[in-house]
Every structure is written in structure tokens, then in C-alpha cells.
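The structure under discussion appears below in the form of C-alpha cells.
The values are calculated or read from the model by the stated rules, or taken from the named source; none is laboratory data. Every value quoted in this text rests on a predicted model; they were computed, and no experiment measured them. So basically every Cβ, Gly included, is an ideal-geometry build from the backbone, and we count neighbours across all protein chains shown. Protein only, heavy atoms only, side chains kept; ligands, DNA and RNA dropped before computing areas. Shrake-Rupley method; radii C 1.70, N 1.55, O 1.52, S 1.80 Å.
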Amino acid sequence: MKTILLFFLRGLSKKIIRKYHPDVVGITGSVGKTSSKEAIYLVLASRFSVRRNYKNYNNEIGLPLAVIGIEQSPGRSLLGWLKIFGKAIGLLLKRDKNYPEILVLEMGADKPGDIKYLTDIAPCKVGVLTFISHAHTEFFKTLKKIAQEKRVIISHLPEDGFAILNADCPLVLENRDKTKAEVITYGFENTAQLKASDVNMITDEKTGRLLGLNFKVSYKGNIVPVFLPGAITNTLISSALSGMAVGIALGVNLVEAAQALRNLSPLAGHMRLIDGIKNTMIIDDTYNSSPEAVKAALQTLSLIAVKTGSERFAVLGDMLELGAETENTHREIGLRVAELGINYLITVGEASKHTAHAAIEAGMDEHRVAMFADSVAAGRFLQDKLEDGDVVLVKGSQGVRMEKIVKEVMAEPLQAVELLVRQSGEWVKK
């Protein structure tokens with residue numbers, strides 16, 4: 001059944017692309033895809049008619065749905081799929097004058113060949129490569145194979161296209177000669193063409209609450225200030241830069257792009273600040289997890305000021321699909337926790353025991369390290385431990401369900417549906 005479904009989705013969406021000729025912006029990378037997609041969408045929507053994938057619908061089913069213009073998968077509903085095919089055929093039979101000029105499409109890769117499959121459906125004019133690191137290693141085996149897969153997003157581009165590369169990731173930057181397209185680099189490094197600098201964390205003078213980040217962006221001698229409300233991490237700045245780089249490629253000026261990015265805010269489960277019980281603050285990063293993303297999140301946690309007597313908690317769940325790299329990568333995280341001086345470590349899952357043991361071996365007080373098999377038990381433990389003014393980072397792979405911990409300790413749990421990931425459909429039953 002799935003084979004038949006994919007056959008029709010692929011065929012119909014390819015025909016729609018060929019008929020309407022939208023400019024396609026494809027985005028891939030080990031981390032940062034979804035936030036970059038949102039930033040790119042906001043920048044381009046300031047001038048063009050644009051559509052993006054719904055949520056993280058970035059696979060062989062989700063991408064065709066975006067091309068057709070469907071926001072919600074019908075799941076196992078045969079009638080629902082027939083309606084989608086009907087809409088796709090309608091787009092082919094009668095021209096829709098409102099079909100978007102640009103499609104911004106996040107492209108995920110769980111296994112070798114995925115990016116080739118997706119770019120065959122929707123060949124890109126602009127390809128964005130956000131980061132290359134250990135993710136889905138269980139299926140790719142080596143970092144080299146991950147890099148080979150990801151670079152398809154730029155190697156397939158035409159000569160009149162644009163390759164947007166993150167200059168802060170050497171594994172991304174080394175692919176700049178693997179494309180015929182014009183290259184635009186972005187990042188914090190001096191080598192970046194579009195460069196961010198002078199980052200400041202803005203806080204409310206009365207309450208001390210974090211309000212966001214402001215920074216400067218320079219490009220070919222021009223400098224503009226940018227403010228990202230609610231942002232607390234440089235990773236969101238990187239996403240904003242990717243949006244500005246794509247904007248430059250397609251004719252949006254820096255001032256317009258900076259103004260559009262004032263509407264960019266952290267997505268659910270992506271380093272989002274949430275008020276916690278007992279006047280605490282939660283950094284909700286529960287959407288998913290990978291080694292580089294955890295390290296970046298821990299760095300952010302370590303930089304957030306806490307009042308005297310308050311503590312920083314890292315609550316970390318297993319990073320899944322790492323294959324043979326599982327033990328080493330989890331141990332690296334434990335060493336990083338100890339190195340950064342995080343006050344309390346709570347781990348969830350079997351693999352994360354390696355994180356806990358490594359932190360203790362690196363000198364962390366064993367009485368400030370706790371290990372749990374599931375997120376529910378960890379959440380109850382955390383609830384008892386938190387005190388006024390504490391800051392807690394919660395992060396883990398989807399399968400560990402770390403958002404249950406956030407729900408346990410958030411000040412307004414009735415707002416979970418609005419603020420947290422995986423609060424509807426089949427996820428609620430698990």
C-alpha cells in the first residue's frame with residue numbers, strides 16, 4: 001500500500017513542479033533544518049508568494065504534500081488520500097493562479113538516497129546545507145557517508161542556482177567546490193560572506209527575564225542590526241543567517257530581511273523558554289537530539305546567569321540512532337557537563353547512563369547525578385529538586401519523550417498543547 005501511495009505522490013508532485021515552475025529552496029543538514037526553514041520562509045514571504053513544509057513534514061510523503069498544498073497527512077484514511085490525489089489532479093487540469101512563486105522545502109535524510117529522491121521530485125534553485133554531524137549514524141555508519149548524502153542538496157544545483165553554506169561547520173564548507181552554483185557562506189567565522197557579530201543577550205531590567213538576542217550582520221560592507229525575540233542560543237542566529245543568505249540570493253535586501261526576522265521565534269521543543277514551577281525557568285529543547293545539538297544547548301545553559309543560591313540543571317535523554325557511536329558520543333556529553341560546571345545532571349534511558357558515569361569520572365559529585373529509565377520518573381524527581389531561580393535544560397531524542405518532563409515542571413501545564421511538542425494524535429496515547 002505504501003509503495004503505491006509513494007508512486008502516486010511522487011508522480012503527481014513532479015508534474016506539479018514541472019507545470020508551475022516555482023523556485024525551490026531545499027534545506028538539509030544534521031541539525032537546524034526546521035528553524036532555518038522558518039527563517040527562510042519569513043524572509044522570502046516579505047516579498048514573494050511562498051509555501052513551506054507543514055511542521056517537519058520533510059520525507060518522501062511530507063514533501064509531496066507540501067508541493068500539493070496539504071498541511072496535514074490523512075494517516076490511514078483512504079478517503080483522505082483520495083481527496084489529496086483529487087486536489088493534485090485538479091492542479092494539473094486547471095491552472096491555479098495562486099500557486100506560490102517559491103517553495104521552501106526541508107529535506108530529511110534517514111538513510112542513503114533520501115536527498116536524491118527528494119531533489120528528483122523538487123529540483124532546487126537554492127540549496128541550503130546547515131550542518132554535518134553525527135545523526136542517524138545507525139543507518140549511515142560513518143560521518144563521511146552522512147556528508148556524501150547531505151551534499152546532494154548542492155551538487156545537483158544548476159549553474160544559475162545558489163548554494164548556501166554554513167561557514168561555521170568545516171564539513172559543510174569543504175563541499176563548496178562540489179557545486180556548479182554560486183556559493184554564499186554565512187556564520188560567525190571571519191571567512192563567512194554573511195557574518196554575525198556583537199551578540200548580546202537582552203534581559204528585562206525589572207524582572208531579569210530573557211527577552212532575546214540582538215546582533216549585527218555584515219555583508220559586502222553593509223551592516224544591519226537584527227533582534228530575535230525569545231532567542232537564547234546562537235543556533236537560532238545561524239538559522240536567521242541562512243534566511244538572510246537565501247534572501248540575498250533571491251533579491252531581498254538586508255534591511256527587509258532583518259525586519260522580517262523580528263517575527264522569528266523558537267519553535268516548540270527548540271530551545272524555547274518556558275516558565276517553570278517555583279519561579280524556575282525551563283529551556284525546552286525536547287524536539288530531538290544529536291551530539292552537536294546537545295553540546296550547543298549545554299553551552300547556552302552554562303552562559304545563562306542565575307541568582308546566588310540557584311542552580312543549573314541538565315536533564316538529558318538518550319540520543320538515538322547513533323549505532324556504534326552511541327557509547328562514545330554519550331560519554332562526550334557527560335564530560336562536557338562536568339567541564340561546564342553544570343550543578344545537577346539527570347539522565348533518562350540506557351545509553352545516557354554513559355553520560356552520567358562519564359560526568360562522575362570527570363569530577364562531578366555523584367550525589368548530584370541521577371539516572372532514570374523513563375521520563376515520567378525523571379520528571380517527578382526533578383519536581384522535588386527544583387528551587388526558586390533554578391534554570392533547567394531538558395533535551396533528548398523523540399523516542400525518549402522528554403517533553404513529559406517539561407509538562408511535569410512547567411508553571412502552566414494546561415498550556416502544554418500550545419507550547420510543547422507531541423501533544424496531539426498518536427503521541428498522546430504513548
Q. So in the chain, what percent of DSSP beta bridges are antiparallel if you round to the nearest 5?
A. 35
Q: Considering Cα pairs under 8 angstrom that are at least six residues apart, work out the relative contact order of the stretch 261-342 and quote it in whole percent.
A: 25
Q) Taking H as built 1.01 Å from N, whose amide H comes closer than 5 Å to the amide H of VAL183, not counting residues under 5 places away? A) ALA163
Q: Please work out the Cα center distance from the stretch 253-297 to the stretch 361-403, rounded to the nearest Å.
A: 19
(Q) Placing +1 on the Cβ of each Lys and Arg and -1 on the Cβ of each Asp and Glu in the chain, which of ALA88, HIS357, SER155 has its Cα farthest towards the positive end of the resulting dipole? (A) ALA88
Q.
Could you compute how much accessible surface HIS134 exposes when probed at 1.4 Å, giving the result in Å² to the nearest 10?
A. 50
Q | ASP384 accessible area, assembled protein chains, probe 1.4 Å, Å² | A | 120
Q) Taking square-rooted eigenvalues a ≥ b ≥ c of the alpha carbon gyration tensor, is the stretch 343-430 rounded, prolate or oblate, where a/c under 1.5 means rounded and, failing that, a/b exceeding b/c means prolate? A) oblate
Q) Can you pull the accessible area of ASP177 for me, 1.4 Å probe, Å² to the nearest 10? A) 110
(Q) How high is the relative contact order of the chain? Use alpha-carbon pairs under 8 Å, at least six apart in sequence, and give a whole percent. (A) 14
Q. What net charge is computed for the residues neighbouring THR347, neighbours being all others with C-beta under 10 Å from the C-beta of THR347, Lys and Arg scored +1, Asp and Glu -1?
A. -1
Q: Grab the DSSP H runs of the chain that are 4 residues or longer, score each as -39,500 (n - 2.57), total them, divide by all residues and round the 222 nm result to the nearest 500 deg cm²/dmol.
A: -11000 deg cm²/dmol
Q: Would you please give the residues with an amide H less than 5 Å from that of ARG52, counting only those at least 5 places away or on a separate chain, with H modeled from the backbone geometry?
A: VAL104
Q: Sort ILE102, ILE360 by accessible area with a 1.4 Å probe, largest first.
A: ILE360, ILE102
Q: Over the stretch 308-355, calculate the relative contact order: mean separation of alpha carbon pairs under 8 Å at least 6 apart, over the residue count, as a percent.
A: 55
